[in-house]
1. What's the Kirkwood radius of the chain in Å, using all Cα pairs?
2. Show which lysines lie in cross-link reach of K178 when reach means a straight Cα distance below 23 angstrom and same-chain residues fewer than eight apart are skipped.
3. Quickly rank 174-183, 285-294 as a protection proxy: mean count of other C-beta atoms within 10 Å, highest first.
4. Can you put M1, M248 in order of accessible area, largest first, using a 1.4 Å probe?
5. Please report the accessible area of T32 (heavy atoms, 1.4 Å probe, ligands and nucleic acids excluded) in Å², nearest 10.
6. Which value, in debye to the nearest 20, describes the size of the charge dipole of the chain about its Cα centre when Lys and Arg Cβ atoms bear +1, Asp and Glu Cβ atoms bear -1, and nothing else is charged?
7. Can you say what percent of the DSSP beta bridges in the chain, counting only those with both residues inside, are antiparallel? Round to 5.
8. Got a sec to turn the phi values of region 258-264 into Karplus ³J(HN,Hα) couplings, 6.51 cos²θ - 1.76 cosθ + 1.60 with θ = phi - 60°, whole Hz, x for Gly and Pro?
Amino acid sequence: MKLTHLLGLENMSKTEIETILDTARPFKNLFTRSVKKVPVLRGKTVVNLFFEPSTRTRTSFELAAKRLEADVINFVAATSSLSKGETVADTAETIEAMSSDIIVMRHSQSGSASLLSKAVKSNIINGGDGMHEHPTQALLDFFTMRDKKGKIEGLNVVILGDILHSRVARSNIYGLLKLGAKVTLCAPPTLIPKFHGLNVNIEYDLKKALVDADVINVLRIQQERMENSYFPSLREYTRFFGLTEEKMKHAKKDILIMHPGPMNRDVEIDHTVANSPNSVINEQVTNGVAVRMAVLYLMSGSDMRLDKIDAN
Ligand code: CP
């Protein structure tokens, strides 16, 4: 499979998603070797074009590209000519004139990655566009679920928290339904948008949502995107929707606890729960590098065989 762009999971097929997950496996296997690099992207240039803050996604793409031996440029919006009025498309065209091959973009506007893909010749990866999608985060979530549970089909996955403002939630919902998981959304009613035509369950009582859950993916309260008051106070939110040790007593013993980060510890998740043996939050970060290597590999059109990577 050759990927041209990765803009979101809404329009991606089950087979395409599974191909990316399968491709990530040999790259993950590389991480235990003394030499973790393969020359898949030698001679290619990957540009990280981030207009919003990021720790995990930007560094993960940088590491993934470097492990594939690409040249990597990290673009910092605050010190660029954007501050002098240049448009995003002009900035991207300028970067492309220096022979970029793949651009990873994060931007506060929903739809910005799709717009960019029409404006430049490089392959575009959506590193998070506004409240729309964050496809590589969802893919690394799926890789982690499959790694830990052996499958995704039939799993009960609860997505807890600020779903309204969450691009991670949207990409997770689109992908999980295609992969055959049962998805339950749990949050105050003000933080659950209507998903027309999508077969998701809604549960406002976290204790009830936890009873059958195989996985709970806890989302950050995105105060920076909140223009209105969606709940009385953070304290009130934590009381009803914070994942605490007390509420975890209602969950299965082997539930997986996930969070895309960055976490508001002791707001949406207790620090003891985030650090508990059921938590796979750090493994999500590790798996993110493998999944992003797989996406870059599939985009590069490399003829290096996956079994050769595994045997490297
Ligand atoms: N999960 C995620 O997108 O984290 P960053 O904002 O740190 O990239």
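The values are calculated or read from the model by the stated rules, or taken from the named source; none is laboratory data. All figures in this text were calculated on a predicted structure; none of them were measured in a lab. Using ideal geometry, Cβ is built from the backbone for each residue, glycine included, and neighbour counts are taken over all protein chains shown. These area figures cover heavy atoms from the full protein model, side chains too; ligands, DNA and RNA do not enter into them. Shrake-Rupley method; radii C 1.70, N 1.55, O 1.52, S 1.80 Å.
1. Its Kirkwood hydrodynamic radius stands at 20.0 Å.
2. K2, K14, K148, K149, K151, K194
3. With the highest mean Cβ count within 10 Å placed first, the list reads 285-294, 174-183.
4. Heavy-atom accessible area, descending, gives M1, M248.
5. The accessible area of T32 comes to roughly 120 Å².
6. That gives the chain a dipole magnitude of about 640 debye.
7. 5
8. 10, 7, x, x, x, 8, 9
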